[in-house]
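Novice: Have a look at the structure that comes next, please.
Readers should treat all values here as calculations from the given coordinates under stated rules, not as data from a laboratory. Note that the structure is a prediction, hence the values are computed from the model and not measured. For neighbour counting, all protein chains shown are included, and Cβ atoms are generated from backbone atoms with ideal geometry for every residue, glycine included.
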Amino acid sequence: MADERVSDPELEDLIQHLQQTHKLDFRGYKRTSLRRRIRQRMEEVGCADFATYRAYVDANAQEFSDLLNTVLINVTSFFRDTDPWTVLSRDIIPQIVERKKEGQPIRIWSVGCASGQEPYSAAMLFAEAMGVEWFCNNVKVYANDLDESALRAARSATYTAREVDGVPPDLLAKYFEHVNSHYVFHRDLRKCVIFGRHNIVNDAPISRIDLLICRNLLIYLDSPTQNTVLPRLHYALNPGGILFLGKAETQLARSKQFEQVDLKSRLFRKVPLEWQRSRGGTLSASPSVTMNHRNSQTRLLEAIVDGSATAYIAVGLDGQVMLANAMARRLLEVGPTDIGKPFHELPVSYRPAELRSRIEEVQATSRALRLENQSYHRPPAEPIWLTIDITPIHGDDGKLLATLLGFNNTTRAHQLQTELETTQETLETTVEELQSANEELETTNEELQSTNEELETTNEELQSTNEELQSTNEELETTNEELRSTNEQLESMNDEMRRQSDEATEYRSYAEAVLRSMDTGVIVLDHEMKVRSWNRWSENTWGLRSEEVLGQRLSSVDIGLPVLRLTANIQRVLNGEERQIFIEFRALDRRGRMLDFRVLLLPLLYGSQDARGIVLIMEDMTDLRRSEAFSAYLGRIVAGLMNEVYFLDPETLRFKEVNAGAQRKLGMNMDRIRETTLMDFMPLVPEEDLRAFLTPLMDGKKQEVVFETVLGVKADYSYPAEICMQYLKHEDPPIIVAIVHDTTDRSQLGKVPREMPEESEDEARSAD
């Protein structure tokens, strides 16, 4: 805007002159549209520059009115763009009528009403919903415009057959009187519509409005003027009032002053700006817990606060710093020595924003306060954006204890919001310019049709000229349709962009959740070996948060990972030499523990294209390696025992494995041992007796059985033995473990009496 004014000072002088001489302010209009329309009028009167045209306006009283008609394109019609009016009639008007109690007035305001078709359209819809008599007693319609000639036409309420073409037949018959080839609007409804000259940019808005119609007016205003007009429209509406805009006006899609009711129909509802938070409570332990439990909860609360991504500073009622968590120390340079100091002595009290007066305001009102998009620069680092929440902290008794300041880093969100607003403003400008050109073409079309009718009634000899004009008219209509089609395509593209943005946001959140929930490390690198993803397992293992490593080269990240051992293999996967590579190595985690890791290197593929990066999937193998080593250790111990250890098949009692001590005792190799059964070495015991003895063990009634017998290893060699057997039924496959003791040289320290009961002998044997 400023550049345009500097580059075209003559246009600015003309605008200022018109404001001083005719009390008409064009300063808020878009310069591109305003310049084009003024030049159009200059060409019609033969003026070469703005200075010449300024003199022409001063010399011709009628010229200002003609200029006003050119600049203010009074393109309107009854029920223009039928679909939004249908939604208004079906969904909005019944709600407004229902909300108003009997006797309460309904107030409607039409801004930029032109020749009155829009306010009369609204009057007909409300009369249909309420009845004519109730409408006349309870509804006021205010209609304003800058063009006095258009207002005079609106007050007359008389229209041609072509101008009422958009009125449905039933409404035309009910609310219009056909007089001398013209149509006159319903007299009683007409009395309820008040027309007047009004400038929405400078004049005070009408208040307590239930429905505000402002269609295709904002598209002609520049962004600063739009930002001035929107609060006025917001003020004019009652709580929950409806704002009805034109289809080319999309700036309210991102406004916090209005919420969408039907975006396609450009219907919005007023959003109250006042908000407040309820008083907060405090974290405390249950009164029944022990002091140790209280200390545990205190440590837990401290860990939660210190682990938060939000920087917290608590300021007491005396103005001294009571608490600063770890993030505050890193982000705001508030150290442990600052605890207990007056808050106003710390740099953070006035940078990035003046917080002392805000703290006093929060303490005085007990209402939370939020400061958004606060720029904070701590050289040599890049500037960041912070959102600061100032919250009063109350005790269980409701008394104010302290004020809590929370600093959230919203730099990325601010950047995305800025980019989105820039893109949306560019799209809105394009749509608005197309709509403006469309309305200019409609005006030209109407003028050409009017000229055509005059030529037909006055002179039949000009038939050939008339045909040429009709041809031109058809071309203009074709161009108009093309512009409409382009406008619809842009709207569809805008909706598709919003949908894709929502889908991308949802997918990004889903992918981040999946990565965080995995119990393995996932690190994604691009082709330059820079970190693109760093999940929670990696944070916990290597001690670095994702925001500390994203965008950094893996070789520059200070962790215990042996990056040099991985680099060559990563390059092989990136070059397509290997589809995947497994690597095992030892590394130090964030606690300084030496752990065993296994890494799977996979290429990051986009469809069937070449690798765009590398995916490292890490698994901590330390516990598995320890378990394997311990199992091998136990196997060596069992194998080296002097006692005889046998592993038997539960069905056949055939030997499956034996230890070295058993092999020495049996005097056979392993192949021959596997061909024998336990019964082969117990010739004095019938197999059915042994099976019956083992039945409680196999049924799970006993965990082990112990008995004494005589084992015959060779034909000429036997020895007394004690056998302890256990059934491991949960192993795959199940197995019986038998441990055999040679009792030939067993010493006995006591003697069990013969008359001792059987169960006592078992207990004594167990004690031995």
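Novice: Test of understanding: given the chain, find the longest segment containing no GluC sites (Glu not before Pro) that are in a DSSP loop and have at most 15 other Cβ atoms within 10 Å.
Specialist: My reading of the result: 355-527 is the longest stretch.
Novice: Within the range 113-155, which residues have the backbone N less than 18 Å from the label spot 7 Å out from residue 179 along Cα→beta-carbon, could you tell me?
Specialist: Residues passing the 18 Å test: 116-117, 120, 152-155.
Novice: Computed FRET efficiency, Cβ-Cβ of residue 36 and residue 508, R0 35 Å: what is it to the nearest 0.05?
Specialist: Result of the calculation: an efficiency of 0.20.
Novice: Separation of the range 304-371 and the range 185-235 by C-alpha centroid, Å?
Specialist: Between the Cα centres of the range 304-371 and the range 185-235 lies a distance of 45 Å.
Novice: What number, in percent, do you get for the relative contact order of the chain if the mean sequence gap of Cα pairs under 8 Å and at least 6 apart is divided by its residue count?
Specialist: After rounding, I find 5 percent.
Novice: Now for a different question. Using DSSP to define loop residues, name the trypsin sites (Lys or Arg not before Pro) in the range 473-552 whose beta-carbon has at most 15 other beta-carbon atoms within 10 Å.
Specialist: Within the range 473-552, the qualifying trypsin sites (Lys or Arg not before Pro) (loop, at most 15 other Cβ atoms within 10 Å) are 545.
Novice: Report Rg (one decimal) and Dmax (nearest whole number) for the range 106-257, counting Cα atoms only, units Å.
Specialist: Cα-based Rg and Dmax for the range 106-257 come out at 15.8, 50 Å.
Novice: To continue, here is another question. Using a simple spin-label model with points 7 Å from Cα along the Cα→Cβ vector, what separation in nm is obtained for residue 10 and residue 690?
Specialist: Going by the 7 Å Cα→Cβ label model, 12.2 nm.
Novice: Then there's this: Where does the charge balance sit around residue 593 when Lys and Arg score +1, Asp and Glu -1, over other residues with C-beta under 15 Å from its C-beta?
Specialist: Every neighbour counted, the sum reads +1.
Novice: Net charge within 14 Å of residue 83 by Cβ-Cβ distance, Lys/Arg positive one each and Asp/Glu negative one each, not counting residue 83 itself?
Specialist: +2
Novice: Quick one: which residues, 5 or more positions from residue 341 or on another chain, have an amide H under 5 Å from its amide H? H modelled 1.01 Å from N in the peptide plane, none for Pro or chain starts.
Specialist: Correct list: 321.
Novice: Read through the labelled values [x] 285; [y] 373; [z] 257 and report the label of the one computed as volume of the Cα convex hull per residue in Å³ from the structure.
Specialist: Here volume of the Cα convex hull per residue in Å³ agrees with entry [y].
Novice: Can I ask one more? Near the amide H of residue 644, under 5 Å away, which other amide H atoms are found, from residues 5 or more places off or on another chain, if H is placed in the peptide plane?
Specialist: Residues meeting the amide H criterion: 740.
Novice: Explain nothing, just compute: Karplus ³J(HN,Hα) = 6.51 cos²θ - 1.76 cosθ + 1.60, θ = phi - 60°, for every residue of the range 412-427 in order, whole Hz, x for Gly and Pro.
Specialist: 5, 5, 5, 4, 5, 5, 4, 4, 5, 5, 4, 4, 5, 5, 4, 5
Novice: Take the chain, mark every one of the chymotrypsin sites (Phe, Trp or Tyr not before Pro) that falls in a DSSP loop and has at most 13 other Cβ within 10 Å, then report the longest stretch left between them, sites excluded.
Specialist: Longest stretch, sites excluded: 1-274.
Novice: Which length gain, in nm to one decimal place, applies between residue 202 and residue 378 when the Cα-Cα distance is subtracted from 0.36 nm times their residue separation?
Specialist: Length gained between residue 202 and residue 378: 59.1 nm.
Novice: Return one number: the angle in degrees, 0 to 90 and rounded to the nearest 10, between the long axis of the Cα atoms of helix 563-574 and the longest principal axis of the Cα atoms of the chain.
Specialist: Its long axis makes an angle of about 60 degrees.
Novice: Could you tell me which of rounded, prolate or oblate describes the range 309-408, using a ≥ b ≥ c as the square roots of the eigenvalues of the alpha-carbon gyration tensor, with rounded for a/c under 1.5 and, failing that, prolate when a/b is larger than b/c and oblate otherwise?
Specialist: prolate
Novice: I've got another one for you. Taking amide H positions as placed in the peptide plane 1.01 Å from N, state which residues far from residue 241 in sequence (5 or more) or on other chains have amide H under 5 Å from it.
Specialist: It is 270, by chain and number.
Novice: Sticking with the crude label model, points 7 Å out along Cα→Cβ, report the distance from residue 633 to residue 55 in nm, one decimal please.
Specialist: Label at residue 633, label at residue 55, 10.8 nm between them.
Novice: Let me ask something else about it. Give me the distance in nm between label points sitting 7 Å out from Cα along the Cα-to-Cβ direction at residue 421 and residue 518, one decimal.
Specialist: 3.7
Novice: Apply 1/(1 + (r/R0)^6) to the Cβ-Cβ distance of residue 227 and residue 731, taking R0 = 60 Å, and write down the FRET efficiency to the nearest 0.05.
Specialist: 0.20
Novice: Can you give the extra length, in nm with one decimal, that the chain gains between residue 365 and residue 19 once fully stretched, where that is 0.36 nm per residue apart less the Cα-Cα distance?
Specialist: Result for the pair: 120.0 nm of gain on full extension.
Novice: Ordered by residue, what ³J(HN,Hα) values in Hz, to whole numbers, does the range 661-669 give under the Karplus form 6.51 cos²θ - 1.76 cosθ + 1.60, where θ = phi - 60° and Gly and Pro are x?
Specialist: Taking θ as phi minus 60°, the curve returns x, 5, 4, 5, 5, 7, x, 10, 7 Hz for the range 661-669.
Novice: Angle, helix 463-517 long axis vs. longest principal axis of the chain, Cα atoms, 0 to 90°, nearest 10?
Specialist: Result, in degrees: 20.
Novice: Once R0 is set to 22 Å, what does the formula 1/(1 + (r/R0)^6) return for the Cβ-Cβ distance between residue 269 and residue 498, expressed as a FRET efficiency to the nearest 0.05?
Specialist: Between residue 269 and residue 498 the formula returns 0.70.
Novice: Suppose the chain between residue 299 and residue 478 were pulled fully straight at 0.36 nm per residue; how much longer would it get relative to their current alpha carbon spacing?
Specialist: 56.9 nm
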